[in-house]
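Below is one structure, written out as structure tokens; the observations come after it.
The values are calculated or read from the model by the stated rules, or taken from the named source; none is laboratory data. Here the structure is a predicted model, which means the values were calculated and not measured. Positions of Cβ are generated from backbone atoms using ideal geometry, with glycine treated the same way; all protein chains shown enter the neighbour counts. Protein only, heavy atoms only, side chains kept; ligands, DNA and RNA dropped before computing areas. Shrake-Rupley method; radii C 1.70, N 1.55, O 1.52, S 1.80 Å.
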Amino acid sequence: MAATIIDGAAQAARVRSEVAQDAAAFARELGRSAGLATVLVGDDAGSSVYVDAKQRDCREVGIEPFDHRLGADTTQGDVIALLETLNAEETVDAILLQLPVPDGLDGAALTALIDPAKDADGLTPVSAGLLAQGLPGMRPCTPVGVMELLDAYRIEPDGARAVVIGRSNLVGKPLGALLLERNATVTMAHSRTRELPQLAASADILVAAVGRPQMIQPAWVKPGATVIDVGITRGEHGLVGDVAFDGVAAIAGALTPVPGGVGPMTRACLLRNTLRAARARATLASIKR
Ligand code: NAP
């Protein structure tokens with residue numbers, strides 16, 4: 001049986017169109033567009049491509065992008081000063097600090113300085129704490145995108161056994177929390193996990209968020225399981241995921257491709273987070289008035 005290929009590009013187009021409508025309504029009501037500030041430090045070509053894409057996405061849906069690029073010789077103090085300015089800037093509803101930052105800068109400490117109300121990627125300690133406690137807050141884009149893909153394809157986490165390989169603050173940990181919130185039985189795996197292939201093969205929902213091309217082999221997959229490939233490695237022939245796609249597609253029930261799976265949803269969810277932050281800030285401002 002060939003797996004259903006989960007079309008992240010189509011789902012992302014749906015989210016973008018919803019955000020575009022909401023962005024237009026916001027601009028009508030508030031007399032200004034919702035604004036996303038991106039902060040890129042250093043000259044990493046891959047990061048620059050990502051930020052360019054985020055800026056383009058914003059323009060397409062009617063969000064105002066504010067593009068801040070700082071040279072590789074930028075100090076921690078320079079970035080702190082910029083983040084403080086953006087935290088205070090009325091027209092900036094959401095802030096994204098592109099990670100990783102260059103060696104010598106402390107990305108975690110910088111992320112922690114973003115106003116949680118403007119935390120576009122849901123990565124501040126406040127947002128992570130709210131997620132851990134099941135309280136409302138900004139959620140990280142990639143995990144939210146994965147959950148939406150599951151919902152769009154009616155793949156039910158409730159009662160399912162989920163194995164998440166990778167435990168980063170960006171992807172693995174928050175995705176584990178979101179799956180747990182939806183009543184999956186979650187096992188977090190990582191580089192020190194023993195007997196990983198056997199563990200993976202016990203999963204109804206298997207998520208690979210590692211960054212090792214084609215690590216997930218067909219023998220790691222339970223027949224009919226859902227396999228979510230978050231991994232992205234830039235290879236000679238383009239982007240490669242963590243899953244050996246062709247072999248796994250013959251065994252899994254559903255599978256995300258790379259590219260065209262989780263990646264587009266991550267970008268779309270960033271736009272939606274920006275609108276959510278803008279709406280929440282506008283509501284708070286009206287209450288204070
Ligand atoms: P990360 O911070 O480098 O984390 C990688 C995780 O993989 C770590 O928890 C690590 O375990 C684990 N790991 C490494 N080698 C392993 C092995 N042999 N067996 C089991 N686990 C292993 O990476 P990340 O930021 O989470 O990103 C993961 C991947 O997703 C990357 O390819 C990244 O490019 C991609 N990504 C994609 C999107 C998207 O939109 N599609 C978004 C974000 C990231 P330890 O903790 O023990 O070291």
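The table for this structure:
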item: Pair-distance profile P(r), taking every C-alpha pair of the range 1-86, with 5 angstrom steps and integer %; result: 3, 12, 17, 16, 16, 13, 10, 7, 3, 2, 1, 0
item: Cα principal axis extents for the range 148-190, largest first, Å; result: 27, 17, 15
item: Accessible surface of ILE80 - all protein chains present, 1.4 Å probe, nearest 10 Å²; result: 50
item: Two-decimal ratio, the range 57-104, of alpha-carbon radius of gyration to 2.2 N^0.38 Å; result: 1.28
item: Kirkwood-based Rg to Rh ratio, the range 191-289, C-alpha trace; result: 1.19
item: Heavy atoms of SER17: accessible area, 1.4 Å probe, square angstrom to 10; result: 60
item: Helical segments meeting 27 Å axial Cα length and Kyte-Doolittle -0.5 threshold in the chain (DSSP H); result: 8-30, 262-288
item: Among ARG167, ARG59, ARG192, residue whose mean-square fluctuation peaks in a GNM of the chain (springs only between Cα atoms under 10 Å); result: ARG192
item: DSSP beta bridge pairing in the chain, given as percent antiparallel to the nearest 5; result: 10
item: Cross-link partners of LYS54 among lysines (Cα-Cα below 28 Å; sequence separation of 8 or more within a chain); result: LYS118, LYS173
item: Cα-based equivalent ellipsoid of the range 54-181: semi-axis lengths in Å, sorted from largest, via gyration tensor; result: 29, 17, 14
item: Taking the C-alpha atoms of the range 246-285, convex hull volume expressed per residue in Å³; result: 58
item: Dimensions in Å of the range 117-265 - Rg and Dmax from alpha carbons; result: 14.6, 44
item: Value of Rg/Rh across the range 33-81 [Cα atoms, Kirkwood radius]; result: 1.03
item: Convex hull of Cα atoms in the range 110-162, direction-averaged projection (nm²); result: 4.3
item: Solvent-accessible surface ranking, highest first, for LEU135, LEU255 at 1.4 angstrom; result: LEU135, LEU255
item: Reference-scaled alpha-carbon Rg (2.2 N^0.38 Å with N residues) for the chain; result: 1.01
item: Any cysteine of the chain lacking a neighbouring Cys Cβ under 4.7 Å - listed by number; result: CYS58
item: Listed residue (ALA278, ALA45, CYS58) projecting farthest to the positive dipole end of the chain, Cβ model; result: ALA278
